[in-house]
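For reference, the structure is listed below as C-alpha cells.
The values are calculated or read from the model by the stated rules, or taken from the named source; none is laboratory data. Just so we're clear, the structure is a prediction, and the values are computed from it rather than from any experiment. So basically every Cβ, Gly included, is an ideal-geometry build from the backbone, and we count neighbours across all protein chains shown. Each accessible area value is taken on the protein alone, full model and side chains, heavy atoms only, with ligands, DNA and RNA left out. Shrake-Rupley method; radii C 1.70, N 1.55, O 1.52, S 1.80 Å.
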Amino acid sequence: MIGPSHLHNHSEAVVSTQSTGTVTEAQAPAKVAPIQEVTDSCGRVEILSHLKLYDRTIPPTQSLSFTSSKIHPAFVKLGVQMARDIVVGSNARCAALICAVKTFISDYKCPKSKEIRSHLNVALKPCFTYLAQCRMMAVSMENFIKHTKVQVAKISPDLTESVAKEELQQSCDNFFRENIYLAGKSITEKAVERVVDGDTILIYKKSQLILHILLEAKARNKNFRVMVVDSRPDLSGVQSCERLTAAGIPCSYVYINSCTYVMKKVTKVMLAADALLANGYVLGPVGTALIGLISSTYNKPVIVCCETYKFSERVQTDSILYNELADPDSMLKTLNEEDTPVSNWRDCPNTRLVNLVYDTTPPALVSIVITEIAELPCTSAPVVLRRGAVKM
Amino acid sequence: MDPFLLKKITRDTKSQLEEFALYLSENKNERRSYVSVVKTINVFRDLICTAEWVTGRELIKIVKCYCKYLPLSQSNETDVSNVVRRILKIIREESVGPEATNSADGISAFFKTDIKPCNLGRSDLQDNILNSIVELLAELDTSKSNIVNMALEHIHSNERILTYGHSNTIRDFLLYGRKARDFEVIVCESGPSLKGHKMAAELSEGGIKTTVIADSAAFAIIHAVNKVIIGTHTIMADGALRATNGVHQVAMAAKFFSVPVIVCAPLYKLSPTHLCSYDPDAFNKVIGPEKMLNFSNANLHSKVLISNPDFDYVPSDLIELFITNTGGHAPSYLYRIISELYHPEDYDLDNMCVEDVEDEMAT
C-alpha cells in the first residue's frame, strides 16, 4: 500500500542522486527537443497512426544538455523511469510525480521581476512536456497536474516565497494523502465487505489497490481463493501470484485465453481502473474489457475499484481513440528467450506489431464501481466530476 | 487383442494396425489432421482387403472391434473417428445395394438402421467399397482447395480481417484472396504457444499486410474489424466448435459488436458428437504449463494451480457461417449434412448393432 512513508522514501531516493539544480531565470517557454518519434509509415498500422509510437532504441535524455536544460534533474530521472517501465501503475506514477514536483518546488527560486503564482507554472511546463514525451501521461498524473496549476494560481501575492513554497508542498502532500492514501483505505474498507467466505475472486494482472484489498481480506481471516488472469507481453500477474501466495492465499493462474475455461468456478471479479471516463466507460489495462464481457456473459459480478481523482472528463466509446502504444519489441519476448517467427519484423514491410496499453470497458459490462465516496454505477461518473469541480 | 478380431485378420495386418495405434498416440500436438486422415483411410483399406469376412455386417463388426484398440476417445482424435464413420457408412451403403440407396430419399434412409442383405459376393462388394473409398480420398484431397477457392466470395477489397492463432486452411484461404483483392489481416498471437506469430510471418511473406496483436487486445480492436475468419479443430453436431484456446472470447467480442464470425473447415472435421461436459476428460485437454511460467519461478509452481487448456468450446450462436468443401452453410444446417455423411448407428463407435449383440449372446 502506498502510504505517506512511501512517498517520503521515494522523494529521498530522487533527491540523493541529483545535484543542487536550481531553475534559473526563464525566458519564454523553452522548446525542448522532442524524443524521437517513429514517423515513417513502415511498421505503423493505419487505424492507429494517430497514436504516438516512440523509438525506444534512443534514450529519452539524448536531446538534453547538462548546462542549459530547463528540466529539473528529478524530472529527468522520473522520465527515464517511466520510459523504462521502472515506475508502473497509475497510483505509483502519480505518487512519483508528486515527489518530483515537491523537489522542484523546494529547489525553485522565483526571479525578482516575477510573481511565484504566475511564474511557477511556466517553469514547470517544460518538465511536464518532457515527461509526456518519455511516456504518455496517465490520467492520474494529468489530474494532479491540473490540481497543481490551480493551487499555484491561487497563491496569495502577500506571501513570502518560502511560505508560498511550503504551502504548495503541503498541498501536494494533501493531494497524495487524501486522494491516494486515504482513498485507498476507504475503498479497501468497502471492498473487503464484498469478500465472503468461500469466494473465488478473479483479478487481472497486478494492481496495487486490488492486492491491498485481498491482503486486507485475508488479514481479517476470510476464507477465499484467487484466480489470477494474466496476459502477454508484460505478464505482471506473476507478481500478483507471488504476493498472494506469500500471504497464504490459495491462487490459480491462467492466461487470458483460458478465461472462459475458468469463469464457471469464479464467484466475483475485481478489476482496477486507470481512469473512469465521463460517459461511464472504464479505462483499464488492455484485456479488462474482455474479462468484463466474459464475466457478464457468465453472470458474475464485476467490481471495479477506482479512486475519484482518476475520474476524467474525457468521453470515448471505443478503445482506439485514446490509447498508448507500448514497445512492440516486448511482444517478441518468450519465456525461454527463443526467437519467434516474426522476430525480424522490422525487415518485413508487411509485418506490424501492435502493443496496446489500455482498453475501455462499456458500462453495461460493469456491475459496480467502488470509490472512496460511495459505491456507484459507472454512469454516475459525471456526478462525481461535477462535485469535484464545485469543490475546487 | 480380441480373439474374434484375431481370427479374422492376418499377421501383417495386425502389426500394421498396431503401428497405426502407436502413431495415433504419439505426436498429438504437431500432427496435421489431413495427414492422419489419409493414413487412416489407407490402414482401413488394407484391413478391408485382407480380413476374413463374407457379409457387410461382418466387416462392420471387424472395423468396430478394431476401433476399440485405437485411442479414439481422446479429444484430439475426432478427425480419425469421423473418417472411420465415413468408411462404415460406405460399407453400409454398398451392402444394402444400389437400388435401395437410389430409391430411398434422404429422410427414410436416415431412419433405416438395418442392413438388408443383398446378393453381392465378397469380391464384388469389396470392389464397390474400395471404389467408394477412392472417391472419398479424392474428396479429401480436394477439400482444402475447394474451401480456398471460395475466398473471393467472402473477402472484399480494403477489408480488415481478424484471425486467431495458426491454421493452414485459413492461411491458404487468405493468400488465395490476396491474389485478387487488397486487404489487411490482424492476427491474435494466441498465447502461450504463440502460434499467431507463425501465421503472421507466413501471411506477410505472401504479401498481406499483417498486424500481430496480443489476445487481450481483441476487444479493443474488434470494432474496427470487418469480419473474423477462423479455423477450428472440430465442428460439433450442433454447429458449436472445439477450437484453439481463446477463440470463444474473440467470438463473444465479435458478437458484442456484431462482427460476423466465419469458420472455414473441411467436412472431415464435422463430428456427430455433442458437448456433454466441460471436464478435461470429456471435452478439453490440459497441456503442460512450461510456456506460461518460467522454471525460474519454481517457488510458485508448487503453490499455484496453473491451467493451460488446449481447446475452447464456442457455442453455435456465436458463429455466422461455416465454409466447408461442399460450400457455405449456416450452423443450423449441419444436422442435415451429418445425416448424409454418417449413419446413426456409427455416432457412437463403441456401439454394436442389435443383431451383432444377439449373435454374441448366441455364441
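A few points about this structure:
- When the test is whether a residue is at pLDDT 95 or above and either more than 18 Å from B:Pro289 (Cβ to Cβ) or not in a loop (DSSP other than H, G, I, E, B) (or both), A:Leu211 passes it.
- Selection within segment A:299-331 - facing another protein chain (nearest Cβ under 8 Å) and either without any contact (Cβ under 8 Å) to a residue 24 or more places away in the chain or surrounded by fewer than 21 Cβ atoms within 10 Å (Cβ to Cβ) (or both): A:Asp318, A:Ile320
- Flag if B:Ile229 is among the aliphatic types (A, V, I, L, M), touching a Phe, Trp or Tyr at 6+ places or on another chain (Cβ under 9 Å) and more than 13 Å from B:Gly246 (Cα to Cα): yes
- The one condition in (1) more than 14 Å from every other protein chain (Cβ to nearest Cβ); (2) surrounded by 18 or more Cβ atoms within 10 Å (Cβ to Cβ); (3) under 16 Å from B:Thr234 (Cβ atoms) that B:His274 fails to fulfil: (2)
- From the options A:Lys77, A:Lys102, A:Lys109, residue that is basic (Lys, Arg) and not in a helix (DSSP H, G or I): A:Lys109
- Failed condition for B:Lys269, given (1) basic (Lys, Arg); (2) within 14 Å of chain A (Cβ to nearest Cβ); (3) under 17 Å from B:Asp79 (Cβ atoms): (2)
- Selection from segment B:197-218 of residues that are in contact with a Cys (Cβ under 9 Å, 6 or more places away or on another chain) and more than 7 Å from every other protein chain (Cβ to nearest Cβ): B:Glu205
- Residues (facing chain A (nearest Cβ under 7 Å) and among the charged types (D, E, K, R)) located in segment B:287-309: B:Lys291, B:Lys303
- Filtering A:Asn91, A:Asn174, A:Asn121, A:Asn143 for residues that are in contact with a Phe, Trp or Tyr (Cβ under 8 Å, 6 or more places away or on another chain) and either open to solvent by less than 60 Å² (accessible area, probe 1.4 Å) or assigned to a helix (DSSP H, G or I) (or both) leaves a single hit, A:Asn143.
- The residue that is modelled with the lowest pLDDT, among those in segment A:313-340 that are farther than 23 Å from A:Val384 by Cα and among the charged types (D, E, K, R), is A:Glu337.
- Flag if B:Lys291 is over 26 Å from A:Val286 (Cα atoms), surrounded by fewer than 20 Cβ atoms within 10 Å (Cβ to Cβ) and in contact (Cβ under 8 Å) with a residue 24 or more places away in the chain: no
- Among the residues making up segment A:127-140, those that are open to solvent by less than 10 Å² (accessible area, probe 1.4 Å) and more than 28 Å from A:Val282 (Cβ to Cβ) are A:Cys127, A:Tyr130.
- The set of residues in segment B:148-158 that are under 15 Å from B:Leu321 (Cβ atoms) and either open to solvent by less than 10 Å² (accessible area, probe 1.4 Å) or within 14 Å of another protein chain (Cβ to nearest Cβ) (or both) comprises B:Ala151, B:Ile155.
- Verdict on B:Phe283 being in a loop (DSSP other than H, G, I, E, B), open to solvent by less than 10 Å² (accessible area, probe 1.4 Å) and in contact with a strand residue (DSSP E or B) (Cβ under 9 Å, 6 or more places away or on another chain): yes
- Considering segment B:174-269, there are no qualifying helices (runs of 4 or more DSSP H) wholly inside with 1 or more residues that are in contact with a Pro (Cβ under 7 Å, 6 or more places away or on another chain) and touching a residue at least 40 places away in the same chain (Cβ under 8 Å).
Residue-by-condition table, conditions (1) modelled with pLDDT under 90; (2) open to solvent by 10 Å² or more (accessible area, probe 1.4 Å); (3) touching a His at 6+ places or on another chain (Cβ under 8 Å):
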residue	(1), (2), (3)
B:Ile221	no, no, no
B:Ala237	no, yes, yes
B:Phe256	no, yes, no
B:Ser296	yes, yes, no
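- Filter result for A:Val369 (within 20 Å of A:Leu209 (Cα to Cα), aliphatic (A, V, I, L, M) and outside any loop (DSSP other than H, G, I, E, B)): yes
- Residue check for A:Val254: within 11 Å of chain B (Cβ to nearest Cβ), more than 25 Å from A:Asn91 (Cα to Cα) and in contact (Cβ under 8 Å) with a residue 12 or more places away in the chain: yes
- One residue from A:Val366, A:Val354, A:Val384 being more than 29 Å from A:Pro233 (Cα to Cα), open to solvent by less than 30 Å² (accessible area, probe 1.4 Å) and touching a strand residue (DSSP E or B) at 6+ places or on another chain (Cβ under 7 Å): A:Val384
- Top-ranked residue of segment A:264-296 - restricted to ones that are of a type in the set (Gly, Ala, Ser) and in contact with a Gly (Cβ under 7 Å, 6 or more places away or on another chain), ranked as least open to solvent (accessible area, probe 1.4 Å): A:Ala273
- Some residue of segment A:8-17 being open to solvent by 30 Å² or more (accessible area, probe 1.4 Å) and either modelled with pLDDT of 55 or more or part of a loop (DSSP other than H, G, I, E, B) (or both): yes
- When the residues of segment A:214-247 are filtered to those that are in a helix (DSSP H, G or I) and away from every other protein chain (no Cβ under 14 Å), the one that is surrounded by the fewest Cβ atoms within 10 Å (Cβ to Cβ) is A:Ala219.
- Taken over segment A:67-123, the criterion of being at pLDDT below 85 and basic (Lys, Arg) is satisfied by A:Lys70, A:Lys112, A:Lys114, A:Arg117.
- Residue check for B:Asp114: outside any loop (DSSP other than H, G, I, E, B) and either modelled with pLDDT of 85 or more or of a type outside the set (Ser, Thr, Tyr) (or both): no
- Test result for B:Ser190, open to solvent by less than 10 Å² (accessible area, probe 1.4 Å), facing another protein chain (nearest Cβ under 8 Å) and either under 23 Å from the mean Cα position of the chain (by Cα) or modelled with pLDDT of 95 or more (or both): yes
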